[in-house]
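What follows is a set of notes on a single structure, which appears directly below.
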Amino acid sequence: MSLPYEMFSSARGAAYYRSFAGYRIPPQLQDPIPFEMTEELASFYLARHEDRERLLWFAKILVERRNDREWRSAEKRRPGSRLFFAAEVGSEHFELAQPISYPATKGRAGYFQVQVGPDGFEGRAELLCRKVVFADFYTYGPSGRLRQRKLVKDDEGYSVWRYDDRGNVVGQSTAATDGISSAEREMLRSDGIGRTEEQPSRLDDNTVGQVMARVLEGISPDSRPRGLDEVVQRLQEEFARRGWHLSEQEVKRVLFDELGGRRRWATDYDAAVDGLRRFVEGELRKKGLDPTDFIRGST
């Protein structure tokens, strides 16, 4: 049998952890983390608790590196930066599809990671696949004591342990067939927020305003950005500080929306935005681009 990653990542109440303590049954999950922090991990755990204490299930997720290939961009990217792309099934293997942010990979078993090389145009694209190594399910009696543990392994069937009121094992069995019951599938039913094409939640106006204000504060006659790419980089870094790991394309979309006067803020903010708009319009013209194709209301 197979344990699909998507079923666990979109399950109701699923939370992410770095590790668990010891080998007690049920285990104690440790170091809860937001999904964004899994980007640097070779493995992590998904789990769901009831009333924040009683563990209902947990699963170990392994991130496998399958293959890599050459990658080239039509536009220059920041050397050393990391990009992410959807993985699309091709005629023989997976192909790079649309660029996405790391949070947008949350519900994906497979995706591409690109490391941009020194010239900003070339790099290596690596296919990463999330695999559920095993999943543990726990059943409790009316008193709250553990009654059953079921360990399901990828492609290896399952094992069941039954416990008495004192916590002693009173029965054990194994099988080589699909071990996820209808009740356990119900526990893993999607919570409806396992979105894969965008951020897991909407990037709110307040966050955008705070990020823009922070970046605008850092732009002065003595610290002018060297070009549009640096403006995007500063925004990207500020978003990342707040837990939003956006691609360059997503940051540019936010930037151009703000420069287009989508909403009005305080007078001093507007003045700073006007100055940045003139700078960005000039940078676009230097590249032979028409600012009106990017920024609404540009002249």
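Could you list, in sequence order, the residues of the stretch 280-298 that are open to solvent by 30 Å² or more (accessible area, probe 1.4 Å) and in contact with a Pro (Cβ under 8 Å, 6 or more places away or on another chain)? Spell out the reasoning first.
Just the residues of the stretch 280-298 that are open to solvent by 30 Å² or more (accessible area, probe 1.4 Å), to begin with: 285-290, 292-294, 296-297.
Correct list: Arg285 only.
Out of everything in the stretch 28-56 that is assigned to a loop (DSSP other than H, G, I, E, B) and at pLDDT 90 or above, what residue ends up being nearest to the chain's Cα centre (by Cα)? Give the steps one after another, and end with the answer.
Start the filter on the stretch 28-56 by keeping residues that are assigned to a loop (DSSP other than H, G, I, E, B), which leaves 34, 41-42, 51-53.
Keeping just the survivors that are at pLDDT 90 or above gives 34, 41-42.
Details: Pro34: 9, Leu41: 12, Ala42: 14 Å.
Per the stated criteria, the residue is Pro34.
Results for (1) more than 27 Å from Arg48 (Cβ to Cβ); (2) over 22 Å from the mean Cα position of the chain (by Cα); (3) open to solvent by less than 20 Å² (accessible area, probe 1.4 Å), shown as yes or no for each residue.
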| residue | (1), (2), (3) |
| --- | --- |
| Ser73 | yes, yes, yes |
| Leu83 | yes, no, yes |
| Tyr102 | no, no, yes |
| Gly107 | no, no, yes |
| Ala125 | yes, no, yes |
| Gly141 | no, yes, yes |
*When residues of the stretch 94-112 are limited to those that are part of a loop (DSSP other than H, G, I, E, B) and touching a strand residue (DSSP E or B) at 6+ places or on another chain (Cβ under 8 Å), the one nearest to Glu250 (Cα to Cα)*: Ser101
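Which residues, taken from the stretch 225-248, are at pLDDT 75 or above and within 19 Å of the chain's Cα centre (by Cα)?
Going residue by residue through the stretch 225-248, those that are at pLDDT 75 or above are 225-239.
Of everything in the stretch 225-248, those that are at pLDDT 75 or above and within 19 Å of the chain's Cα centre (by Cα) turn out to be Leu235, Gln236, Glu237, Glu238, Phe239.
For the structure I just gave you, tell me whether Glu184 is on the phi < 0 side of the Ramachandran plot, outside any helix (DSSP H, G or I) and either modelled with pLDDT of 85 or more or surrounded by 10 or more Cβ atoms within 10 Å (Cβ to Cβ) (or both).
In short, no.
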*Kindly establish whether Ala213 is at pLDDT 80 or above, open to solvent by less than 60 Å² (accessible area, probe 1.4 Å) and more than 28 Å from Arg82 (Cα to Cα).*
no
_What's the total number of residues in the stretch 188-210 that are open to solvent by less than 40 Å² (accessible area, probe 1.4 Å) and at pLDDT 70 or above?_
4
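Do you know which residues across the stretch 113-172 are in a loop (DSSP other than H, G, I, E, B), in contact (Cβ under 8 Å) with a residue 60 or more places away in the chain and on the phi < 0 side of the Ramachandran plot?
First pass over the stretch 113-172, keeping only residues in a loop (DSSP other than H, G, I, E, B): 117-121, 141-145, 154-156, 164-168.
Imposing the further condition that a residue be in contact (Cβ under 8 Å) with a residue 60 or more places away in the chain reduces the set to 144, 154-155.
Asp154 - this is the single residue of the stretch 113-172 that is in a loop (DSSP other than H, G, I, E, B), in contact (Cβ under 8 Å) with a residue 60 or more places away in the chain and on the phi < 0 side of the Ramachandran plot.
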_Per-region count, the stretch 150-163, residues open to solvent by 40 Å² or more (accessible area, probe 1.4 Å), at pLDDT 90 or above and of a type in the set (D, E, K, R)_ = 1
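Considering only residues of the stretch 57-71 that are at pLDDT 90 or above and open to solvent by 20 Å² or more (accessible area, probe 1.4 Å), which is nearest to Pro103 (Cα to Cα)? Even if it seems obvious, please write down each step before you answer.
In the first step, residues of the stretch 57-71 are kept if they are at pLDDT 90 or above; the result is 57-65.
Going one step further and asking which of them are open to solvent by 20 Å² or more (accessible area, probe 1.4 Å), we end up with 60, 62-65.
Working: Lys60: 19, Leu62: 17, Val63: 15, Glu64: 18, Arg65: 19 Å.
Out of the qualifying residues, it is Val63.
Where residues in the stretch 18-39 are of a type in the set (Phe, Trp, Tyr) and crowded, with 18+ Cβ neighbours inside 10 Å, which of them is farthest from Asp164 (Cα to Cα)? First the steps, then the outcome.
Of the stretch 18-39, the ones of a type in the set (Phe, Trp, Tyr) are 20, 23, 35.
Next, only the ones that are crowded, with 18+ Cβ neighbours inside 10 Å stay: 20, 35.
Details: Phe20: 24, Phe35: 37 Å.
Ranking the candidates gives Phe35 first.
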*Would you mind stating whether Arg78 is open to solvent by 70 Å² or more (accessible area, probe 1.4 Å) and farther than 30 Å from Gln148 by Cα?*
yes
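The values are calculated or read from the model by the stated rules, or taken from the named source; none is laboratory data. Values in this document were obtained by computation on a predicted structure and should not be read as measured data. Quick reminder, even Gly has a Cβ in these numbers, built from the backbone with ideal geometry, and neighbours come from all protein chains shown. Heads up: the accessible areas ignore ligands, DNA and RNA and are worked out on the full protein's heavy atoms, side chains in. Shrake-Rupley method; radii C 1.70, N 1.55, O 1.52, S 1.80 Å.
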